[in-house]
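**Q** Dropping a structure here in structure tokens format, bear with me for questions.
Only the coordinates and a few stated rules stand behind these numbers; no lab work does. Note that this is a predicted model, so its numbers are computed, not measured. Every residue, glycine among them, receives a Cβ derived from its backbone with ideal geometry; neighbour counts consider all protein chains shown.
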Amino acid sequence: MFNPSLHIQRHQFVVDFVMKDKPKKVADLGCSDCGLLRMLKFRREIDLLVGVDVNGAKLTKKKHGLAPLSTDYLQPSFNQLCVQLYQGSVTQKDVRLRGFDLVTCIEVIEHLPLDDLDPFSEVVFGYMAPQTVIISTPNSEFNPLFPRMSGFRNSDHKFEWTRAEFQSWALKTCGEYSFKVEFTGVGKAPPGREESVGFCSQIAVFHRLAGRDGHTSGDDASNRFPYTLLYSINYPSLHDNNIRQAALVSEVLYWAEKLKKEWLDKLAEKQEEESCAEDSVRAGREHEGIFWTSGDEQECRTLHRHVSVPLHQLWTRCPKLGELTANLSNLSQIIMENPQIKTNQEGSTVILCNPEEGNKHEDEELCSLMDSGYVDAKYTDELWETDA
Ligand code: SAM
């Protein structure tokens, strides 16, 4: 009946809220197959993303969908996302669920026996006491629009509320725990029926009132750990020194190769422009020791078979280097210490192999070694393997 489907609309409602409100710590209670968490893990504003469900087996089965993707490793960001899954009940107090900015509870309360509603409110609004709570639940007034439906929408539902019932419970909760609430929903009724039946899923967004401390519920228990941690993962972050250095090295190598290619292309163009073949050969000889174009030719000419890319060129062309390290001299120091990058003695240029020239010379070296009758261990192994 709905496009996008109703559960996607509910999750998108939360994602839109997160984009607007930018909470850093978010917990999804009754997270089931972790669908909402999988959408939220792409929101860079979130540092801590926690899922709780009473059904631990489901969490264990679905936890892999929350692992970092290869792009998270290849292009780490500065945010420090930690994702955790707990097996536990929304009627139990666990100190690790305190201090959150946003707690969501999407299509969960109707699965709780009515007797559990008061403990639920005490746990979520009294004990966890986040800045914002988003709760969604079916709107029973919409049910007559479902053809052939009788009873509740799901056999595990303990109740389904009208808008008035939901609002009355929400307002009572606000009074008890110092919150205010707005009502909305997702899943629009057909034109002309919006007013009379309301949304298919009704949603309440609760905001903790200013002046109410997030950690006082008349219950000072701060050492409660009834939940079982089933999964915890820290996403790669550029705040981690090793990861930042690895990102810096790969950025330097990428840009050095790119600038080398640009320069070699320009050189080839220049040679092509030479009208006479004689001149072209001469120009080629002049550039035999490949070097950079801008003023460094004298120095670089000595670097036979290599291209030398000045570090200041890299610094100017790649703005990300400025995000990864404080200044050019820091960059120079880091790359000089890194075995993956070759530099000159001062660390002012990155030296790259010119593949065509390099291969040619390596082949020549190998031939002359073999001609001389002396083949070192490395080459012996390779030849032995080839013969075998
Ligand atoms: N929130 C999910 C979503 O938006 O896709 C769907 C929730 S599913 C309809 C209801 C979930 O609530 C189930 O995964 C169930 O295990 C969980 N649940 C039921 N009682 C619970 C309790 N007391 N504490 C925590 N989770 C509970």
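**Q** Work out the FRET efficiency for T228 and Q333 from their Cβ-Cβ distance, taking R0 = 56 Å, and round it to the nearest 0.05.
**A** Values: r = 46 Å, r/R0 = 0.83.
Computed FRET efficiency for T228 and Q333: 0.75.
**Q** Per-residue HN-Hα couplings for segment 111-117, Karplus 6.51 cos²θ - 1.76 cosθ + 1.60 at θ = phi - 60°, whole Hz, x for Gly and Pro?
**A** These are the phi-based 3J(HN,Hα) values: 8, 8, x, 3, 5, 8, 5 Hz.
**Q** Students often check this: by mean Cβ neighbours within 10 Å, which of 200-207, 9-16 ranks highest, and how do the rest follow?
**A** Listed from highest to lowest mean packing, they are 200-207, 9-16.
**Q** Which whole number in µm²/s is D for segment 6-234 by Stokes-Einstein, with the Kirkwood Rh taken over Cα pairs at 37 °C and 0.692 mPa s?
**A** Diffusion coefficient, whole number: 179 µm²/s.
**Q** Between K266 and S5, what is the FRET efficiency for a Förster distance of 51 Å, r being their Cβ-Cβ separation, to the nearest 0.05?
**A** On the way: r = 54 Å, r/R0 = 1.06.
Between K266 and S5 the formula returns 0.40.
**Q** List the residues, sorted by chain then number, that are 5 or more residues from S77 or on another chain and whose placed amide H is less than 5 Å from its amide H.
**A** L238
**Q** For a quick check: sort C34, C105 by the number of other beta carbons within 10 angstrom, fewest at the front. Don't skip to the end; give the middle numbers.
**A** On the way: C34 25, C105 22.
Ascending Cβ contact count within 10 Å gives the list C105, C34.
**Q** Between T71 and L209, what length comes free when the chain is fully extended (0.36 nm per residue of separation minus the Cα-Cα distance, one decimal in nm)?
**A** 45.7 nm
**Q** Is there a pair in K58/K188; K258/K320; K24/K93; K61/K93; K41/K63 whose C-alpha atoms are over 23 Å apart, and which pairs would that be?
**A** Beyond 23 Å between Cα atoms: K58/K188; K61/K93.
**Q** Give me the extension gain from F42 to E165: residue separation times 0.36 nm, minus the current Cα-Cα distance, reported in nm with one decimal.
**A** Separation in residues times 0.36 nm, less the Cα-Cα distance, equals 40.8 nm.
**Q** Next up: Test of understanding: what is the full-extension gain from H312 to T60, defined as 0.36 nm times their sequence separation minus their Cα-Cα distance?
**A** Using 0.36 nm per residue and subtracting the Cα-Cα distance, I get 85.7 nm.
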